[in-house]
Every structure is written in C-alpha cells, then in structure tokens.
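Report on the following structure.
The values are calculated or read from the model by the stated rules, or taken from the named source; none is laboratory data. Bear in mind the structure is a predicted one, so any value in this text is a computation, not a measurement. FYI the Cβ positions are ideal-geometry reconstructions off the backbone, even for glycines, and counts take in every protein chain you see. Only protein heavy atoms, including side chains, enter the accessible area calculation; ligands, DNA and RNA are left aside. Shrake-Rupley method; radii C 1.70, N 1.55, O 1.52, S 1.80 Å.
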Amino acid sequence: MQQLTELEIAVFQLSMGFAPADRCVDWAVERLRLDQEGDDLEVVLLASARGRDEVLPLADVIIERYRGAQRLDQQFLAGKYIVELRSAYLAGSESVLSLDAILTRLYPALDYPDWLVMLSRNCEYATDVADFEQPFEDEFHYVASLWAQAESLAAFESAYSRETSNRHDATGAAGGPLTVP
C-alpha cells in the first residue's frame, strides 16, 4: 500500500500544478520493472502516458480500484507534500519565496485548514519582514515533523497543537505582535 500512497501523493501534486506528470509515470514504470503490476492494464498504460491529460485519468482509475472509498484525504496528501517541501527547503532547492507561492495556492485549495494558518502566514510575511524568518522556520519544522510521523489525518490532528503553532509568531521588542506592512 505504501506504493499506492506514493502514487496518490504524486497525483495530488500534479493535480495542484506542483509536480510534473513524470512522477506518476515513473511510479508505473517502477511497478513494471519490479513486476508488481499484476497484469493491471492501467499501470501499463500509465507507464507510457505523457502529459497531465493522459496521466491523471489513468492514475485515478488505479487509485479508485485499489482504494475505493478509502482514498487518502487531501489534507493528508498536502501534509506529506509539506514534508517534501521542508526537505527541499533545507537542501536549498526551495526558498521562502517559492514556498510562499505554493502555500498561497495550497491554503485556499484545502479550504483553509487550521494547521496551515500560521505556516502560510509566517511564510508570506517572511518574504518581506526579516523578523518572520525564524518563526516561519520554527513552524515549518513543527508542522513538517508532525506530518512526517502521521499515518493519517486523524493521527496528525491528534498530535497538532494550535497553541504550539501560535508560539511560532514574531513579537516586537515590547513583547506584542509585530505589525506587518
């Protein structure tokens, strides 16, 4: 099932416009290479698909066949993407600016989940206000660490603390919140 989770994460990222179709194709090619497709015609077709319009319907059929009503929640898939983004940020292939563009699209697409409030806000502010860089990094570490360990949205939600997130806020010299231009 871990392999199917990888496909669902890739499909989520592709459908949101964050990743190329090649990631889904590579998933299918790997299943074929390992002889794990079990004569699944859609996996064979996915391995030779090109572009978003070919990949998404085939991947959707595969996920529906094996997960059915047990499809992974969009927030869970986004959380696993946050983990990938954190690794990319630490490696220097993502920046506060590039992350801001991603989070600006992700936050409303997920219908403004509580766990993404402080991360999205701090990232946006960190693009212009240096005092928000450390709070952003603290919140990014916190949220990504929880998602890295979570096996479900419910598991994440039981571990997540809004109070902890609220502590990842920039404060002015007098101890009050900073005003943002």
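Per-structure values
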item: Residues of region 99-116 satisfying the condition of being in a helix (DSSP H, G or I) and open to solvent by 40 Å² or more (accessible area, probe 1.4 Å); result: Ala101, Thr104, Arg105, Tyr107, Pro108, Ala109, Asp114
item: Criterion: hydrophobic (A, V, I, L, M, F, W, C), more than 28 Å from Asp22 (Cβ to Cβ) and modelled with pLDDT of 95 or more - qualifying residue of Ala78, Ala126, Ala69; result: Ala126
item: Filter pass, Leu119 being in a helix (DSSP H, G or I) and either modelled with pLDDT under 95 or within 18 Å of Lys80 (Cα to Cα) (or both); result: yes
item: Test result for Val96, out of contact with any Leu (no Cβ under 9 Å at 6 or more places or on another chain) and either surrounded by 15 or more Cβ atoms within 10 Å (Cβ to Cβ) or on the phi > 0 side of the Ramachandran plot (or both); result: yes
item: Among the candidates Asp22, Asp35, Asp53, residue that is open to solvent by 70 Å² or more (accessible area, probe 1.4 Å), within 19 Å of the chain's Cα centre (by Cα) and farther than 20 Å from Leu106 by Cα; result: Asp22
item: Qualifying positions in region 46-82 - assigned to a helix (DSSP H, G or I), in contact (Cβ under 8 Å) with a residue 60 or more places away in the chain and more than 21 Å from Arg33 (Cα to Cα); result: Arg67, Gln74, Gln75, Phe76, Leu77, Ala78, Gly79, Lys80, Tyr81, Ile82
item: Candidate set: region 154-166, residues that are surrounded by 14 or more Cβ atoms within 10 Å (Cβ to Cβ) and either of a type in the set (D, E, K, R) or touching a residue at least 40 places away in the same chain (Cβ under 8 Å) (or both); chosen: the one nearest to Glu6 (Cα to Cα); result: Phe156
item: Count - residues of region 122-153 that are assigned to a loop (DSSP other than H, G, I, E, B) and either crowded, with 20+ Cβ neighbours inside 10 Å or not polar (S, T, N, Q) (or both); result: 4
